[in-house]
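Peer 1: Encoded as structure tokens, here's the structure I'll be asking about.
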Amino acid sequence: MRVIAAAFLHVRIGELIPHLHDVISNSSIARTKYLARCPACDHPTFSFGQGRTGIVSICTDGCSPQSIASVIVQRRLGAGEEPEGLWARADRALAREEWNP
């Protein structure tokens, strides 16, 4: 659960997009939704958007949130994000601390 929290909870779209491939957006007045290559299966089936508590996402090929989150966390760490900050945010999200996007 901690890996899923690190990848999606208390995360903004702008923080996630640099770690995905082939991102396109579908903007509407109500909401912007995005499509990208799934980090787990590399098919263009990863759909995501900004939710109240972070990123809301799904892979229509059926990849699990755990497998997607693991790849995203590895990419963020590989890009130089501090592990302490990444895991501290996840721990706060799991503790249900307040978040204001």
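The values are calculated or read from the model by the stated rules, or taken from the named source; none is laboratory data. The structure presented is a predicted model; accordingly, all values stated were derived computationally and were not measured. Glycine gets a Cβ as well: all are built from the backbone with ideal geometry, and neighbour counts include every protein chain shown. Note: areas computed on protein heavy atoms with side chains; ligands, DNA, RNA excluded. Shrake-Rupley method; radii C 1.70, N 1.55, O 1.52, S 1.80 Å.
Peer 1: Long-range amide H contacts for Gly51: which residues qualify at under 5 Å (H placed 1.01 Å from N, peptide plane, sequence gap of 5 or more or a different chain)?
Peer 2: Val56
Peer 1: What is the local net charge at Arg31, summed over the other residues whose Cβ is closer than 15 Å to its Cβ (Lys, Arg +1; Asp, Glu -1)?
Peer 2: Numbers: positive: Arg12, Lys33, Arg52; negative: none.
Value of the local net charge: +3.
Peer 1: Moving to a separate point now. Please compute the per residue accessible area over the chain with all protein chains in place, 1.4 Å probe, rounded to a whole number of Å².
Peer 2: Accessible surface, normalised per residue, equals 59 Å².
Peer 1: Could you grab the relative contact order for the chain? Cα pairs under 8 Å, six or more apart, rounded to a whole percent. Mind dumping the intermediate values first?
Peer 2: Values: 146 pairs, mean separation 34.8, N = 101.
34 percent.
Peer 1: Alpha carbon centre of the range 1-62 versus the range 68-101: separation in Å?
Peer 2: That distance is 14 Å.
Peer 1: Keeping the other protein chains in place, figure out the carbon and sulfur percent of the accessible area of the range 2-101, with a 1.4 Å probe.
Peer 2: 53
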